[in-house]
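A.B. asks: Pasting a structure below so you can have a look.
Just so it is clear, none of the values below were taken in a lab; they were calculated from the coordinates. Everything numeric here is computed off the predicted structure, so don't read it as measured data. No Cβ is skipped: glycine too gets one built from the backbone with ideal geometry, and neighbour counts run over all protein chains shown.
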Amino acid sequence: MDSAAISEPLDLVRLSLDERIYAYDQHMNLVLSDVDEVITVVDVNEETFEERIRSVKRSHEMMFVRGDGVILVSPPGRT
Amino acid sequence: MLFYSFFKTLVGQPVVVELKNDLSIQGILVSVDQFLNIKLDDIRVTDEKRFPHMMSVKNCFIRGSVVRYVQLPAAAVDTALLQDATRRENAAEK
């Protein structure tokens, strides 16, 4: 089979192998580098019930992500 | 088997394992198995104030399914080899 052919969804992940994905498998376990983790936190003010959304950012040089926590994989936006 | 083999190459390296309950454990990787269960030595919990009951624990076994992330030392990862192995593993499945 042609190595560049796309026949299944995971082939799209394979095309990202030259980006910052170094390994993946059928469980969507991943090894990534230059990782930016963005956690969105919603704070609710106890008196006014006003919601404030803030982002917490963390960076890692290299990390393994267990596949069962993966919901969506998308290539980084090109600018 | 790809990730099992990958983690075997990292035995002896310092890693930080983040669990799904937000507990984050730093330690030396001792061993790993096919389920990606992990054994760590010389451990320290990153947020000791929040998990004081872990302060006296020196080594541990972590069930693979409760792992969220493993932070790796970038210098210990042969990225070219890893990409190659991934491509080969994928070609083998088809």
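A.B. asks: What residues have an amide H closer than 5 Å to that of A:Glu37, excluding those fewer than 5 places away on the same chain, when H is modeled at 1.01 Å from N in the peptide plane?
C.D. replies: Distant-sequence amide H within range of A:Glu37: A:Arg58, A:Ser59, A:His60.
A.B. asks: Place a +1 charge on the Cβ of each Lys and Arg in the range A:9-68 and a -1 charge on the Cβ of each Asp and Glu, then give the dipole magnitude about the Cα centre in debye, rounded to the nearest 20.
C.D. replies: Approximately 200 debye in magnitude.
A.B. asks: Let me ask another. For chain B, find the longest principal axis of its Cα atoms and tell me its angle to the long axis of helix B:79-93, 0 to 90°, nearest 10.
C.D. replies: Value to nearest ten degrees: 60.
A.B. asks: Let me ask something additional. Taking the Cα atoms of the protein assembly as shown, what is the range of coordinates along each of the three principal axes, in descending order and whole Å?
C.D. replies: That works out to 60, 43, 25 Å along the principal axes.
A.B. asks: Quick query: amide H of A:Val70 versus all other amide H atoms, modeled in the peptide plane; which residues come in under 5 Å with a sequence gap of 5 or more or a different chain?
C.D. replies: Close amide H contacts, sequence-distant or interchain: none at all.
A.B. asks: With θ set to phi - 60°, apply the Karplus curve 6.51 cos²θ - 1.76 cosθ + 1.60 along the range B:60-76 and write out the HN-Hα couplings as whole Hz, x wherever there is a Gly or Pro.
C.D. replies: Values per residue, Gly and Pro as x: 8, 10, 10, 5, x, 6, 9, 7, 9, 10, 10, 7, 10, x, 4, 5, 8 Hz.
A.B. asks: Excluding residues on the same chain fewer than 8 positions from B:Lys58, give the lysines whose Cα lies under 29 Å from its Cα.
C.D. replies: B:Lys8, B:Lys20, B:Lys39, B:Lys49
A.B. asks: Summarise the long-distance tail of P(r) for the range B:1-85 by giving the % of C-alpha pairs beyond 23 Å.
C.D. replies: Tail fraction, whole percent: 20.
A.B. asks: Taking only the alpha-carbon positions of the range A:9-68 and ignoring solvent, what does the Debye formula give for the base-10 log of I(q)/I(0) at q = 0.21, 0.23 Å⁻¹?
C.D. replies: The Debye formula, applied to the Cα set alone, gives -0.83, -0.92.
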